[in-house]
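Only one structure is covered here, and it is reproduced in the block below.
The values are calculated or read from the model by the stated rules, or taken from the named source; none is laboratory data. Nothing here was measured: the structure is a model prediction, and the numbers come from that model. No Cβ is skipped: glycine too gets one built from the backbone with ideal geometry, and neighbour counts run over all protein chains shown.
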Amino acid sequence: MATVSLTKLTKRYGNIEIVHGIDLDIADREFIALVGPSGCGKSTTLRMIAGLEEISDGSIEIGGRVVNDLPPRSRNISMVFQSYALYPHMTVRENLGFSLKIAGAAKEDMERRVAEASAILGLDTLLDRRPSQLSGGQRQRVAMGRAIVRDPDVFLFDEPLSNLDAKLRTQMRTEIKKLHAKVQSTVIYVTHDQVEAMTLADRIVIMRDGYIEQVGTPDEVFRRPATRFVAGFIGSPPMNLHEATIDDGQMVFASGEKLPLPGQFKANVATGDKVVFGLRPDDIYPTGHGISSGGAADVHQIELPITVTEPLGNETLVFVEFNGSDWVSRMLNPRPLRPGERVAMSLDMSQAHLFAADTGTTLRS
Amino acid sequence: MDENSSARLKRRLLGVVYRIGLFLAMLTICLPGLWIVISSLRPTVEIMAKPPVWIPQEISFDAYVAMFSGIGKGGIPVIEYFRNSLIISVTSTVIAVAIGMAGGYAFARYRFRGKSSVFLGLMLTRTVPGIALSLPLFFLYVRLGIIDTHFGLILAYVALNVPFTIWLIDGFFRQVPKDLAEAAQIDGCTRWQAFWQVEFPLAGPGIASAAIFAFLTCWNEFALASQLTRSVSAKTLPVGLLDYTAEFTIDWRGMCALAVVMIIPALTLTYIVQKHLVGGLTSGAVKG
């Protein structure tokens, strides 16, 4: 069990800098998700922690020990690859026991630990099969088993679920969560899927273009996004974001439509400021069909035309036109709506977000 | 006749045609070899007969007996030739495959300056016909004093085979996912262990086929060997075939018998190794 600290961690390929001196402290037994779009440097960061990628600058500490130049085998980590990377010429048993064999473990010890890992993951009946005889989900489990057997300080997961179909992914997600509860190791989990990050992690690190945008608990990054990027990235369907100019306590949008400035931001903006206004689909709903959270005074009423509806059974996603584009809203206890119909919408301004248009950072104090 | 039965009939007819075509193709490929075996067992008169005699009238093993009978009784130093061939072919194959593995691995896994030019350069050496090298090599070898030695021929064959083994083995290492070596390193292997424990077994079939090709090239090579060897101490079997030519006559039967002796080990080796040439060993390594 170990803490992990990244200090000014930098990766350059030639003249191109991929990761720009990031700092991150991960507590012992913490489950951290690195999330971001493709090319944001999350996998490179993970590979640097694993020792598969040399670091250009900065340092990495695992359990208080600087491991910058240590080879992967000396870092006491284990990693689950996106491609599973099972050894195809070995049986499941041999795959699981490979690291112990290399370490020169005694035969009984090896058998016991392979048995333990296979019991945790339900691989008992598959031990004599080869990877080619397994389904995707089973391969995934073997890959995780191989990681458990080593009893590492830190587990590294590199998009482990992205090759599975949607149903299996949900199932394996639960298994990973259970697994973490059982083995109680520090976990660093890379994914581009924000749902995985939200459901699994203790803290989420959102990366973009080689920088860390925000580090926080799932609740923090969802409720108090630090930047416009985080606001748009976390949450499904994504937050509605629109540029506006402040004019005398009001937000004026490009189309000329106006909304009152949310009370919590009044002190931080002045007339003429360019801002980005954000509102989650949960906080805009056909009046009477939403979760009311803020004070009634902060709910703004407006009549908007419906463009499309997407019924999901227990709720309906209602797209309404505002400022020349679609806003998505979530309607609970849905009633039938027709496109073109104008409905009264409630905008819960107490839940609104405001970001500076130029820097993208939050205007929340 | 309904549609289904006519389709079925058509499929069967096609199957028959397919088999006949295959048989003819195999016959064309095998006939020269078969002809050599038959010719080694019958008198010269029959070999030279026009029109050809297809079915041998009498069969005798005289040529084989004579071959091993020693000098003066129509024999040639076949044991020595065989030994030379074996030493030269096996040694140069082992060296060429070892270099090919190192080179192929480097080309498949590492990025370095001038990689593609070096690779192209290696391939270009294959465009030079071996016979064109025989005269310069001859002069060079005479100066160096390695003419008519095992070492000289081994050196030439290694140079001849290395570009080919590198090219072939590179392709096979490329098929082994990079993730596997990385997973092995995380599992506690050094780079070296990861290679031998994971990548080497998976590229095994490719390395085996490179070895077969290299061995057969050396085993059957004539042009260079005939120039660079001259005595019993270094002559290989293909060069030994020339022992059956005299000023005015050629002992076709003896030559065919020696050819059969040459073919047998090559055939045996290929048969043994081809079982290991099963592809698709990497299936199941990555993805679902």
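Filter region B:46-81 down to the residues that are among the hydroxyl-bearing types (Ser, Thr, Tyr) and either more than 30 Å from B:Ser233 (Cβ to Cβ) or in contact with an Asp or Glu (Cβ under 6 Å, 6 or more places away or on another chain) (or both) and list them by number. Before the answer, list the steps.
First, pick out the residues of region B:46-81 that are among the hydroxyl-bearing types (Ser, Thr, Tyr): B:60, B:64, B:69, B:81.
Residue satisfying the conditions is B:Ser60 alone.
From A:Leu121, A:Leu100, A:Leu86, grab the single residue that is on the phi < 0 side of the Ramachandran plot and more than 14 Å from chain B (Cβ to nearest Cβ).
Values: A:Leu100 fails: more than 14 Å from chain B (Cβ to nearest Cβ); A:Leu86 fails: more than 14 Å from chain B (Cβ to nearest Cβ).
When all the criteria are applied, what remains is A:Leu121.
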Report task. Could you tell me which of the residues B:Arg19, B:Arg42, B:Arg83, B:Arg113 is farther than 23 Å from B:Leu155 by Cβ and assigned by TED's automatic domain parsing to the domain that holds B:Asn161? Result -> B:Arg113
Query raised in the report: Can you spot a residue in region B:204-220 that is assigned to a helix (DSSP H, G or I), free of Cβ contacts under 8 Å to residues at least 40 places away in the same chain and within 14 Å of chain A (Cβ to nearest Cβ)?
Result: yes
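I'd like to check which strands (runs of 3 or more DSSP E) are fully inside region A:186-282 and have at least 1 residues that are free of Cβ contacts under 8 Å to residues at least 40 places away in the same chain. Before you say what the answer is, go through the steps one by one.
On the way: elements: A:186-191, A:203-208, A:211-216, A:240-247, A:250-253, A:258-260, A:274-279.
Result: A:211-216, A:240-247, A:250-253, A:258-260.
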Requested in this report: Being under 19 Å from A:Pro160 (Cβ atoms) and surrounded by 23 or more Cβ atoms within 10 Å (Cβ to Cβ) is the filter here, so list the residues in region A:1-30 that pass it.
Outcome: A:Val4, A:Ile26
**Report entry** Filter result (within 11 Å of another protein chain (Cβ to nearest Cβ) and not aromatic (Phe, Trp, Tyr)) within region A:67-83
**Finding:** A:Pro71, A:Pro72, A:Arg73, A:Ser74, A:Arg75, A:Asn76, A:Ile77, A:Ser78, A:Met79, A:Val80, A:Gln82, A:Ser83
Query raised in the report: Could you say whether any residue in region A:144-162 is charged (D, E, K, R), over 23 Å from B:Glu182 (Cα atoms) and assigned to a loop (DSSP other than H, G, I, E, B)?
Result: no
Query - Odd one out for A:Gly63, checked against (1) out of contact with any Lys or Arg (no Cβ under 8 Å at 6 or more places or on another chain); (2) under 30 Å from A:Arg130 (Cα atoms) - result: (2)
Report summary line: Selection from region B:141-158 of residues surrounded by 15 or more Cβ atoms within 10 Å (Cβ to Cβ) and among the aliphatic types (A, V, I, L, M) yields B:Ile146, B:Ile147, B:Leu153, B:Ile154, B:Leu155, B:Ala156, B:Val158
Report task. Within region A:153-166, identify whether any single residue is in contact (Cβ under 8 Å) with a residue 60 or more places away in the chain, surrounded by fewer than 23 Cβ atoms within 10 Å (Cβ to Cβ) and at the interface with another protein chain (Cβ under 9 Å from one of its Cβ atoms), and answer yes or no. Result -> yes
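Restricting to region B:186-196, count the residues that are buried (at least 21 other Cβ atoms within 10 Å of the Cβ) and at the interface with chain A (Cβ under 9 Å from one of its Cβ atoms).
Within region B:186-196, residues that are buried (at least 21 other Cβ atoms within 10 Å of the Cβ) and at the interface with chain A (Cβ under 9 Å from one of its Cβ atoms) number 4.
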Query raised in the report: Does region B:222-239 include one or more residues that are of a type in the set (Phe, Trp, Tyr), away from chain A (no Cβ under 14 Å) and not in a helix (DSSP H, G or I)?
Result: yes
